[in-house]
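One structure below.
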Amino acid sequence: MYHIIINPASRSGKGQKGWEKAEPLFKESGEEYEAHFSTEEKGIRDIVRELTEAAAARRREAQQEKPPAELLPPDRFWAVWEAPERPENKTDLIIMGGDGSLNEALNGVSDFSAVRIGMIPIGSGNDFAQDAKISANIEETVKSILTGDRQRKLDLGRVTWKSETEPSPEEGTAALAALCHRNFIISSGVGFDAQVCYDADHSRWKKLLNKIGLGKLIYIFTAIRLILTAKRARLEVDLHAGDGSSKQMEFDDCLFAVCMNHRFEGGGFQFSPEADPADGKLDLCIPSGISKLRFFLLFPKAYSGGHVGAKGIHILKGSRVIIRSDIPLYIHTDGEVPDRTREAEMTLLPGALEMLN
């Protein structure tokens, strides 16, 4: 059965209209499906968590009912053997929304080995769909999911950070919370790009621009303002290559640092244009020691990756990245901004995400 999760508020209400186009296609296919609509009270993450936890309970019950002999290969009686998970035993989730909706779904999954995910992009940015070459044509995309001719496995990112909150008048000092965790598929970063996402999402202009199909412009306007006003940080970076080697680096006068798993973020920017979601590596981009004027001139080139190679643009690759800042910075996962931090660790789970399209 396909569990289709719709964000009806995506692109200022276009999510509901998108489902009205997609539902007849699922009906015609004869496949079983169930639609789930997110609300303010029950978001996408809550829906996914409920579905995947229920599926996990059913799998545990089914495994307990199997005769013990089925788990033992005849020539290795001391080893416990598990057959590969059959597709029919997996939970198929199809997300109708944008990058934010997909990120919420990824953070609700209880066990990625038992889940397959499809994407019908109807968001304002759709960076994941652009890089994964998922069509914005709903009919074409639904057919690709139903026929199963584009299934693939992608790396899944995970970020861990130390949360830092502003001090309350009663406390008098900043309160440091416990470690926080969040999954990502596109990118995770601190500083400028995270603050762009935060300010854009809280802008009253975003809804208006979405209604006229120009939602990406809010990110550009916000970025221009922050180039001129955002505080710069001193960053310490630990980069682990994945082969046991690592190196420590320091960067002064930094606007941001971002780990890319896919090529596009923030409405089409390619800060690390060679990022590959199936190579088991994160591509780290850090601009350092670049004046406001020069950064302003370089910034548009990031749409094509033309900033790469310019003085002060550092592109690095690794399987694990630790970033420490001398000031609190906003942190994001796929454009979702949950917090501010001075320290974050980005890692990958290679091939953990099984996609239906």
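The values are calculated or read from the model by the stated rules, or taken from the named source; none is laboratory data. Everything numeric in this text was worked out from a predicted model, so none of it was measured. Methodologically, a virtual Cβ is constructed for each residue, glycine included, from the backbone with ideal geometry; neighbour enumeration extends over all protein chains shown.
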(request) Any chance you could count how many residues in the stretch 104-131 are assigned to a helix (DSSP H, G or I) and touching a helix residue (DSSP H, G or I) at 6+ places or on another chain (Cβ under 9 Å)? (result) 8
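Has the stretch 42-53 got at least one residue that is assigned by TED's automatic domain parsing to the domain that holds THR141, modelled with pLDDT under 90 and not in a strand (DSSP E or B)? Break it down into steps so the answer makes sense when it comes.
Step one: list which residues in the stretch 42-53 are assigned by TED's automatic domain parsing to the domain that holds THR141, which gives 42-53.
Applying the additional criterion that residues be modelled with pLDDT under 90 yields none.
For the stretch 42-53, residues assigned by TED's automatic domain parsing to the domain that holds THR141, modelled with pLDDT under 90 and not in a strand (DSSP E or B): absent.
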(request) Test PRO287 against the criterion of being in contact (Cβ under 8 Å) with a residue 24 or more places away in the chain, in the same structural domain as VAL308 (by TED's automatic domain parsing) and farther than 22 Å from TYR198 by Cβ, and give yes or no. (result) no
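When you go through GLU336, GLU345 one by one, which is the residue that is touching a residue at least 12 places away in the same chain (Cβ under 8 Å), buried (at least 19 other Cβ atoms within 10 Å of the Cβ) and more than 23 Å from ASP201 (Cα to Cα)?
GLU345
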(message) Contact list please: Cβ distance under 9 Å, first residue in the stretch 148-163 and on the phi < 0 side of the Ramachandran plot, second residue among the aromatic types (Phe, Trp, Tyr) and not in a loop (DSSP other than H, G, I, E, B), pairs at least six apart or on different chains.
(response) LEU156/PHE112; LEU156/PHE184; GLY157/PHE184; ARG158/PHE184; VAL159/PHE184
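Which of the following residues is in a loop (DSSP other than H, G, I, E, B), aliphatic (A, V, I, L, M) and either under 30 Å from ILE145 (Cα atoms) or touching a Lys or Arg at 6+ places or on another chain (Cβ under 7 Å) (or both): ALA352, ALA275? Give the derivation first.
Values: ALA352 fails: in a loop (DSSP other than H, G, I, E, B).
Just a single option satisfies the conditions, and that option is ALA275.
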(request) Select from the stretch 302-333 the residues that are touching a Cys at 6+ places or on another chain (Cβ under 9 Å) and assigned to a loop (DSSP other than H, G, I, E, B) and write down the one among them that is surrounded by the fewest Cβ atoms within 10 Å (Cβ to Cβ). (result) VAL308
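Can you pull out the helices (runs of 4 or more DSSP H) entirely within the stretch 132-251 that have at least 2 residues that are at pLDDT 90 or above and assigned by TED's automatic domain parsing to the domain that holds TYR303?
Values: elements: 138-147, 192-201, 205-211, 217-229.
In the stretch 132-251, 192-201, 217-229 are the helices (runs of 4 or more DSSP H) which contain 2 or more residues that are at pLDDT 90 or above and assigned by TED's automatic domain parsing to the domain that holds TYR303.
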(message) Take the residues in the stretch 254-269 that are touching a strand residue (DSSP E or B) at 6+ places or on another chain (Cβ under 6 Å) and assigned to a strand (DSSP E or B); name whichever of them is farthest from THR347 (Cα to Cα).
(response) CYS254
